[in-house]
Amino acid sequence: MQMLNQSFVIELVLILGMTNIVLITGATSGIGLACAKKFAAAGYQLIITGRRKDRLLHFQEELQQTYAIKVLALVFDVQNRQAVEHNLNNLPPEWRAVDILINNAGLAAGRDSFETADMNDWETMLNTNVHGLLYVTKAIIPQMVERKKGHIINMGSVAGKEIYEKGNVYCASKFAVDAISKAMRIDLLKYNIKVTAIHPGAVETEFALVRFKGDEEKAASTYTGIIPLTGEDIADTIFYCSQLPPHVCINDLVITCTQQAGTYYFNKTG
Ligand code: NDP
Ligand code: 8X3
């Protein structure tokens, strides 16, 4: 019965042409994938992106089948400016009016002291978390500016609020996301565009596995003794921010699990 109601509402929304489009970068796992499912369940049309083509196409199919929505899957590396511009400046006409942009694609590479950290890791983090976010946003905002409508949701981190030992350039990249979000909010104010920055603490996704380059033991130790946030917790929070009335914009939101305070303090009691 509940499914029937949901399908009916989605059908009605489609017939009335009320469907909104949400673009989620980094939707092949973790927070991005959880966001894709959350917005799909609410009847949104989705543009999902990522580098891992097989996964992206698998989730495109799954989301379309499960939620009876349209999903456009775009495979590109956000670090590659030409690839970002090629994909996003050539969206099919019916996909151009993106209402919500979730700048989620990102990563930490390594957790090393400043003097021993790998320069390639630093470049990867800055190119992905900062440059990638800028390339994607610049490609999407012209139609938001024109329509005087839109919501940009940037994925920051508690690491963008406080520095921790061996966090160095990952923290710097998320401090940049924090600053860029504030700058966007000010500059885009005249166009009625909402900008929200979300800053999670520890979320159990593939994040730690990527950070520790496939070392499962190290990755698992990130969450030892705590019940971390899940991708779904963050997706619920983002969805809430996106559903507020037109005159309300959450600017900046820090969210941790109950056993974490800031970047450094944990109550690791299991
Ligand atoms: P995951 O590793 O599970 O997901 C990261 C996503 O980003 C994947 O879909 C990956 O797709 C995509 N991605 C990474 N690099 C690129 C790239 N160069 N081009 C395109 N897509 C890319 O981690 P999370 O879900 O946890 O991370 C999502 C965001 O949340 C990141 O910005 C992260 O910094 C932030 N965050 C995470 C926290 C955590 O504790 N997990 C806490 C605070 C913030 P693919 O590999 O297919 O390209
Ligand atoms: C991820 C959270 O604390 O590992 O952004 O940097 S932390």
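The values are calculated or read from the model by the stated rules, or taken from the named source; none is laboratory data. In this text, all values refer to a predicted model and were calculated from it rather than measured experimentally. Cβ: placed from backbone, ideal geometry, glycine included. Neighbour counts: every protein chain shown. For the accessible areas, the whole protein counts, side chains as well, though only heavy atoms, and no ligand, DNA or RNA atoms are used. Shrake-Rupley method; radii C 1.70, N 1.55, O 1.52, S 1.80 Å.
Could you check, for the stretch 146-163, whether at least one of its residues is more than 15 Å from ligand 1 (Cβ to nearest atom) and within 21 Å of Ala27 (Cβ to Cβ)?
yes
Any idea how many residues of the stretch 229-270 are surrounded by 13 or more Cβ atoms within 10 Å (Cβ to Cβ) and assigned to a loop (DSSP other than H, G, I, E, B)?
Within the stretch 229-270, residues that are surrounded by 13 or more Cβ atoms within 10 Å (Cβ to Cβ) and assigned to a loop (DSSP other than H, G, I, E, B) number 8.
Restricting the search to the stretch 190-218, which residues are of a type in the set (A, V, I, L, M, F, W, C) and either within 15 Å of ligand 2 (Cβ to nearest atom) or in contact with a Lys or Arg (Cβ under 6 Å, 6 or more places away or on another chain) (or both)?
Within the stretch 190-218, the first condition is being of a type in the set (A, V, I, L, M, F, W, C), and the residues that meet it are 193, 195, 197-198, 202-203, 207-210, 212.
Across the stretch 190-218, the qualifying residues are Val195, Ala197, Ile198, Ala202, Val203, Phe207, Ala208, Leu209, Val210, Phe212.
Pick out the one residue from Tyr170, Tyr223 that is out of contact with any strand residue (DSSP E or B) (no Cβ under 7 Å at 6 or more places or on another chain), of a type outside the set (Asp, Glu) and either over 23 Å from Phe239 (Cα atoms) or within 14 Å of ligand 1 (Cβ to nearest atom) (or both).
Tyr170
Taking the residues in the stretch 38-62 that are within 17 Å of Cys241 (Cβ to Cβ) and open to solvent by 20 Å² or more (accessible area, probe 1.4 Å) as candidates, determine which candidate is nearest to ligand 1 (Cβ to nearest atom).
Ranking the candidates gives Lys38 first.
Counting only residues that are assigned to a strand (DSSP E or B) and either open to solvent by 30 Å² or more (accessible area, probe 1.4 Å) or polar (S, T, N, Q) (or both), how many does the stretch 95-112 have?
Count: 1.
Taking the options Ile152, Ile186, name whichever one is within 20 Å of Val136 (Cβ to Cβ) and buried (at least 17 other Cβ atoms within 10 Å of the Cβ).
The conditions single out Ile152.
Quick grid of which residues meet (1) under 15 Å from Asn104 (Cβ atoms); (2) modelled with pLDDT under 95; (3) β-branched (Val, Ile, Thr); (4) within 16 Å of ligand 2 (Cβ to nearest atom):
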position	(1), (2), (3), (4)
Ile10	no, yes, yes, no
Thr19	no, yes, yes, no
Leu23	yes, no, no, no
Ser29	yes, no, no, yes
Leu33	yes, no, no, no
Phe59	yes, no, no, no
Thr66	no, no, yes, no
Arg81	no, no, no, no
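Restricting attention to the stretch 158-168, and to residues there that are more than 7 Å from ligand 2 (Cβ to nearest atom) and within 19 Å of the chain's Cα centre (by Cα), which single residue is most open to solvent (accessible area, probe 1.4 Å)?
Of everything passing the filter in the stretch 158-168, Lys161 is most open to solvent (accessible area, probe 1.4 Å).
Taking the residues in the stretch 219-228 that are in a helix (DSSP H, G or I) and open to solvent by 50 Å² or more (accessible area, probe 1.4 Å) as candidates, determine which candidate is farthest from ligand 2 (Cβ to nearest atom).
Ala220
Does Ala179 satisfy the condition of being among the small types (Gly, Ala, Ser) and away from ligand 2 (no atom under 15 Å from the Cβ)?
yes
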